[in-house]
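Below: one structure, written as structure tokens.
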């Protein structure tokens, strides 16, 4: 019994000896809290950061310590403390930094002394950027977005504020997360991250990727490249003196080292530049700390402001690293007033790690620990370096409780009955326009799941063309989860009121995924009767064709009918290698125009025949075709994010290589096709930072055998005869749709465009305020001396954040040079817009 008591006592003493908490407030001399001040133990990187209310909490074993507190603009303090009690309070008041002005003689018209300091810092920039060849560290990351105002409606849709997690006034936290991530780095670019724990209020993944903002880089990435693909010019970059002015504000002495405070002033608006203050140490000319700002006047888009504060501390006498970093942002858009912050606290630096031989051989960039999302509150309270604020504690508690209640109810028969009972029936508006969805709920593996049926709005499915006239179409999807995959059933019913043809077909797809390995397999069985474009790459979408047909009397879409059956298989491997094959049989029927109805009569125009006029010498009659296609694509160097239950591709710096081979099999099932077609392509986009982004796609191909090639099987190039641009970096904006179609033994294509992302236009008045960006490039293909085409274009994108307008000049050796204007979608939001489903089926 005594031994048990002794053991329990020893255990309790051991636990309490490492559970002492030093906490308190960091304020200025007027007792105003200092948010995100740096607090650490002198001689180490063990420390914490105050929260927005100036509160800190630091776990320390019993002993004697010197606690260092520093905050930009205030005098650093060092306080000796004996940690003995389990809960010990230490409040610290900082005094505003008293700067001393150097006794520097500046002659009339002379240079501010800041420039000499900045020149020294620029000389040392590359040394400090490459000084550390390897290190490990630990990062605590907290992200929080909250709204100060929320509109009642967004683009006509009512906003459910309760569902957003905000109060009736539209105020509250939209997103809150925290995580602990271990970092391992080895020069030049090897990085591995291990997320020990992460959580988000209400469930889901938190922000686990540390925000690496390195001001020793010439070009600084601020949070994410989507904010500004060009990046931002560092105040100590190689060419910084061409972009910034500097003003010396004074110096102070900290821990025996003189620190210079320098104001950073952009020379010109609309350049990607910081404003604010940077602190540079004397003699060794390194960054001590900085407090800088980005605004809409200096390259920031979508956000109104982005403020970055960093504090650097010595890890060794020679090496300094970022101790903490806070990024604040604010934006007002569409009635939303959102502010937020990303807090990164770095600790436990090891600048001489001993990595195993093959430690970086794996392509896993980030790995999540087995129990990353199962840590209890006690764990977070023991490791969190930044105390939560009161509203954050409340948000975690309320949203986690609500999420848990939902998870518990998802396993109850009562919840199942409630879901079935309260499901709203389809509305008239949904059936006609927005679509309808219905869930069939049932219990599976002790939890509620559902088979989902969706239907596209009937009016959205209406089409018009000169072959079928008005087309009514009913389409939808049935999604059924299975034990080891998902089954999709996609039926389509289509009726043309002018030619009175009824077509019906369906896709039945089964997708299985090995989430742990990051691979998937998909089988698709299709069949029925459908209408297809001769060019299966869909050069014109139905919506655009309808407009040109009804309003301008120009029928560009060329169609044929086919009864078909196909079986396809696609396998995606963990390396992102994708291979697959497809066997298709088509019984093809020619179609003719059956209507000439237009909304605006024009006797000077006549509809063209449905048979492509450019291929008038190539007949198309009823025929059969049995086609076998095999394909593969691969992107080397792919990195991955690895979860305990899945693996997700993250990205690669290498291009995507793709290959495809199609065999027309003659004689089987009456097949008339007899050809062998191949093509190979490389595509990529490269971010050149200040110089913009380069997108390209090059390809080669041809027919090894062309004994019997029908119009649908030719090599078609994606042309465009409308004012609306589609398929950038795949198409030819002024080329007729079928003029250059070929069965030649060899062809080559190239599509190149450069997005300047503000370069050049940021120096033109008006454009620099509108943030309309220049884009330019060229498209070309070559078959032979008589069949070749080249076009060059230049335009503006990011118009209203969504539009792009190009002027295009097209040259063909056998034809006149053509010049036209093309309007499409391009810019920050342009990639989110699509024009219909892209097909005629």
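Inspect all residues belonging to segment 517-533 and state whether any of them is modelled with pLDDT under 95 and assigned to a loop (DSSP other than H, G, I, E, B).
Yes; the residues of segment 517-533 include at least one that is modelled with pLDDT under 95 and assigned to a loop (DSSP other than H, G, I, E, B).
Looking at residue 773, is it over 30 Å from residue 531 (Cα atoms), buried (at least 16 other Cβ atoms within 10 Å of the Cβ) and at pLDDT below 90? Can you show your working first?
Numbers: over 30 Å from residue 531 (Cα atoms): yes; buried (at least 16 other Cβ atoms within 10 Å of the Cβ): yes; at pLDDT below 90: no.
Answer is no for this residue.
Could you tell me which of the residues 626, 567, 550, 591 is within 30 Å of residue 507 (Cα to Cα), in the same structural domain as residue 466 (by TED's automatic domain parsing) and in contact (Cβ under 8 Å) with a residue 60 or more places away in the chain? Don't jump to the end; show me each part of the working.
On the way: 626 fails: in contact (Cβ under 8 Å) with a residue 60 or more places away in the chain; 567 fails: in contact (Cβ under 8 Å) with a residue 60 or more places away in the chain; 550 fails: within 30 Å of residue 507 (Cα to Cα).
Within the list 626, 567, 550, 591, the selection yields 591.
Can you tell me which residue is nearest to the chain's Cα centre (by Cα) among those in segment 685-703 that are surrounded by fewer than 17 Cβ atoms within 10 Å (Cβ to Cβ) and modelled with pLDDT of 95 or more?
Among residues in segment 685-703 that are surrounded by fewer than 17 Cβ atoms within 10 Å (Cβ to Cβ) and modelled with pLDDT of 95 or more, the one nearest to the chain's Cα centre (by Cα) is 694.
Would you please name the residue that is surrounded by the fewest Cβ atoms within 10 Å (Cβ to Cβ), looking only at residues in segment 442-461 that are over 33 Å from the mean Cα position of the chain (by Cα) and either touching a residue at least 24 places away in the same chain (Cβ under 8 Å) or closer than 30 Å to residue 606 by Cβ (or both)? Write out each step before concluding.
Taking segment 442-461 first, the residues over 33 Å from the mean Cα position of the chain (by Cα) are 442-446.
After this cut, where a residue has to be either touching a residue at least 24 places away in the same chain (Cβ under 8 Å) or closer than 30 Å to residue 606 by Cβ (or both) as well, the list is 442-444, 446.
Working: 442: 11, 443: 13, 444: 12, 446: 7.
Looking at residues that are over 33 Å from the mean Cα position of the chain (by Cα) and either touching a residue at least 24 places away in the same chain (Cβ under 8 Å) or closer than 30 Å to residue 606 by Cβ (or both), I get 446.
Restricting to strands (runs of 3 or more DSSP E) lying wholly in segment 454-509: which have 3 or more residues that are assigned by TED's automatic domain parsing to the domain that holds residue 556 and more than 22 Å from residue 428 (Cβ to Cβ)? Steps first, answer last, please.
On the way: elements: 463-465, 469-482, 485-496.
In segment 454-509, 469-482, 485-496 are the strands (runs of 3 or more DSSP E) which contain 3 or more residues that are assigned by TED's automatic domain parsing to the domain that holds residue 556 and more than 22 Å from residue 428 (Cβ to Cβ).
Name the single residue, out of those in segment 711-729 being within 13 Å of residue 540 (Cα to Cα) and surrounded by fewer than 20 Cβ atoms within 10 Å (Cβ to Cβ), that is farthest from the chain's Cα centre (by Cα).
Going through the qualifying residues, I end up with 721.
So which residues in segment 444-469 are at pLDDT below 90 and in contact with a helix residue (DSSP H, G or I) (Cβ under 6 Å, 6 or more places away or on another chain), if there are any at all?
Residue satisfying the conditions is 448 alone.
Which residues, counting only those in segment 762-792, are in contact with a helix residue (DSSP H, G or I) (Cβ under 7 Å, 6 or more places away or on another chain), in a strand (DSSP E or B) and in contact (Cβ under 8 Å) with a residue 40 or more places away in the chain?
Result: 773, single match.
Out of 759, 734, I need the residue that is assigned to a loop (DSSP other than H, G, I, E, B), under 27 Å from the mean Cα position of the chain (by Cα) and in contact (Cβ under 8 Å) with a residue 60 or more places away in the chain. Which one?
Working: 734 fails: under 27 Å from the mean Cα position of the chain (by Cα).
Among 759, 734, only 759 is assigned to a loop (DSSP other than H, G, I, E, B), under 27 Å from the mean Cα position of the chain (by Cα) and in contact (Cβ under 8 Å) with a residue 60 or more places away in the chain.
The values are calculated or read from the model by the stated rules, or taken from the named source; none is laboratory data. On a predicted model such as this, the values are computed, not experimentally measured, just so you know. Neighbour counts are summed over all protein chains in view; Cβ atoms, including those assigned to glycine, are modelled from backbone coordinates with ideal geometry.
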